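> Just passing along the structure, written as structure tokens.
Every number here is computed from the coordinates shown, using simple stated rules; none is lab data. Keep in mind it's a predicted model, so treat the numbers as computed, not measured. Every residue, glycine as well, gets a Cβ built from its backbone with ideal geometry; the counts of neighbours run over all protein chains shown.
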């Protein structure tokens, strides 16, 4: 079980983080490492070599039984029916108003068993929502039985090959091996991540996480692997145009307002929120999430006003200086028509009472070489 101190949960790797000199911060009710040697160094390591993340704070829920597929088809707008065993997908999970309860990954690990990986901050809310809508399916919370580590970067496959005979090079994005043997221990292995890089996530038993962490760092030493905290995780995901729940999407935003229309499969049948989303598709959603670059090196922080010809038109949801791109980038919502038709030079962001020009950019900002 997760340890707690001062009301904060601890992952099974908490002691390892302290030994490595990590700076710890509260995050979603957990005591988590924000950085070890520095955000820039950790960010570059993932882009150029490899980084190892502790993501054991995430929630893992099993949906099982003959009714599992039907329950998931009702819960999410993406098409879970297309998943064969050993495959997964990314999807939002909507409420009746079309808002996003959470964004998550669903992996089909057995013919009648699906693993849902949900955000730490929404874990309790998601569990209650899924149980309410699961019908005859069984829902089990295994979040404190299974830890989760992420190995990300160009060298990730090379490092894993030193610890497993599993066919890691043959795995495509969102493939999953439910019972891979890595470093002599049986665990879930998926080709997933939150960095925009080649990468894997490994789900060992909770108490076996420290041994796996040590084995991955040792096996990856010659490849330049480093432990990575939440700080670089955020700069990496924003460069890759990946959204953060609670910032870029939430209960009041729809998949059509966010750049997630591709996850809504209209032909699959009914699902929670479908009618509202259909109306949005027909009439155009009221606003749209856009990516943008900022003139100069000033950073547009969450909540800063977005201006059109000097008048407030929206707000920043995420912003950072992109170390790989060497420019300031961000995301935020603008009225739909404005997001589509804003002329060059008409948009700006208010930073410390100064209007700084921005330029709308296509997401993702960064795309790794094939």
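> Order 208-216, 347-355, 99-107 from most to least packed using the mean count of other Cβ atoms within 10 Å.
Details: 208-216: 19.6, 347-355: 16.0, 99-107: 23.1.
Answer by packing, highest mean first, reads 99-107, 208-216, 347-355.
> What list of whole percents do you get for P(r) of the range 9-84, with Cα-Cα distances grouped in 5 Å bins up to the one holding the largest distance?
Histogram of Cα-Cα distances, whole percents per bin: 3, 12, 17, 14, 11, 9, 13, 12, 8, 1.
> To continue, here is another question. Counting other beta carbons within 10 Å of each Cβ, put 254, 328 in order, fewest first.
Working: 254 26, 328 22.
Placing the least packed residue first, the sequence is 328, 254.
> If you don't mind, another one. Could you state the number of Å between the C-alpha centres of the range 106-153 and the range 175-197?
The range 175-197 and the range 106-153 have Cα centres spaced 16 Å from each other.
> Would you work out the relative contact order for the range 204-346, in percent, from Cα pairs under 8 angstrom that are 6 or more residues apart?
On the way: 173 pairs, mean separation 31.4, N = 143.
RCO, the range 204-346: 22 percent.
> If you bin the C-alpha pair distances of the chain every 10 Å from 0, what whole percents do you get?
All Cα pairs considered, the percentages come to 5, 23, 32, 27, 11, 2, 0.
> In percent, what relative contact order does the chain have, based on Cα pairs under 8 Å that are 6 or more apart in sequence?
On the way: 850 pairs, mean separation 65.5, N = 370.
Reported as a whole number, the value is 18 percent.
> Shifting gears a bit: Counting each pair of different Cα atoms once, what's the Kirkwood radius of the range 261-361 in Å, rounded to one decimal? Write down the numbers at each step before the final one.
On the way: mean 1/r = 0.0680 Å⁻¹.
Radius from the Kirkwood sum: 14.7 Å.
> Is it possible to state the helix-based mean residue ellipticity at 222 nm for the chain, with each DSSP H run of 4+ residues giving -39500 (n - 2.57), the sum divided by total residues, to the nearest 500 deg cm²/dmol? What is it? Walk me through the numbers before you get to the answer.
Numbers: 9 runs with 78 residues, N = 370.
After summing the helix terms and dividing by the residues of the chain, the value is -6000 deg cm²/dmol.
> Taking a cut-off of 12 Å, what percent of all Cα-Cα pairs in the range 193-247 are separated by more than that?
Values: 1088 of 1485 pairs.
Counting pairs separated by more than 12 Å, the tail of P(r) holds 73 percent.
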